[in-house]
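*Asks:* Please find one structure pasted underneath; my questions will follow.
Read-outs: derived from the displayed coordinates by stated rules, not from any lab. Treat the numbers as computed from the prediction; the structure is a model and nothing was measured. Note that each Cβ is placed from the backbone with ideal geometry, even for glycine, and that neighbours are counted across all protein chains shown.
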Amino acid sequence: MSTRTFDRRFRELASTSPTTGRTRARLLVSLPLLTTESMTSVADRLSYASPAAFTAALLHTFGTPSFRLG
């Protein structure tokens, strides 16, 4: 499948771009980690450039800069 076809099909199924979908998936994986690890540690584990970049992604995606579950 070509990149263009993948992009088009992903958008049809997910109503978002593959890049946005990947970012959201990374952030969803981070939520349980934040119950036991620091923002810095989670940002590092998920390969964000910095804790600030991770916090900005959380804010942009979920409307809040941090989560504390449990």
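*Asks:* Given a Förster distance of 22 angstrom, what is the FRET efficiency for L31 paired with R8, based on the Cβ-Cβ distance and rounded to 0.05?
*Replies:* In this case the efficiency is close to 0.15.
*Asks:* Give me the Kirkwood hydrodynamic radius of the stretch 15-70 in Å, from all C-alpha pairs, to one decimal place?
*Replies:* Evaluated over the stretch 15-70, this radius sits at 11.3 Å.
*Asks:* What do you get for the angle between helix 3-14 and the principal long axis of the chain? Use alpha-carbon atoms, 0 to 90 degrees, nearest ten.
*Replies:* Between the helix axis and the principal axis of the chain, the angle is about 70 degrees.
*Asks:* Same structure again: Testing the spin-label approximation: label points 7 Å from Cα along Cα→Cβ at T40 and S17. State their distance in nm.
*Replies:* In this crude spin-label approximation the distance works out to 3.2 nm.
*Asks:* Based on DSSP H runs of at least 4 residues, each adding -39500 (n - 2.57), what is the mean residue ellipticity at 222 nm of the chain after dividing by all its residues, to the nearest 500 deg cm²/dmol?
*Replies:* The helix contribution divided over the chain gives -20500 deg cm²/dmol.
*Asks:* To the nearest 10 degrees, how steep is helix 18-33 against the longest Cα principal axis of the chain, on a 0 to 90 scale?
*Replies:* 30 degrees
*Asks:* Let me ask you something else. What is the dipole size for the chain, taken about its Cα centre, with +1 at each Lys and Arg Cβ and -1 at each Asp and Glu Cβ, in debye to the nearest 20?
*Replies:* Its charge dipole is roughly 280 debye.
*Asks:* Relative to the longest principal axis of the C-alpha atoms of the chain, give the angle of the C-alpha long axis of helix 51-62, reported between 0 and 90° and rounded to the nearest 10°.
*Replies:* That works out to roughly 60 degrees.
*Asks:* Let me ask something additional. Estimate the FRET efficiency between L59 and M1 by the formula 1/(1 + (r/R0)^6), using the beta-carbon distance for r and 25 Å for R0, to the nearest 0.05.
*Replies:* 0.15
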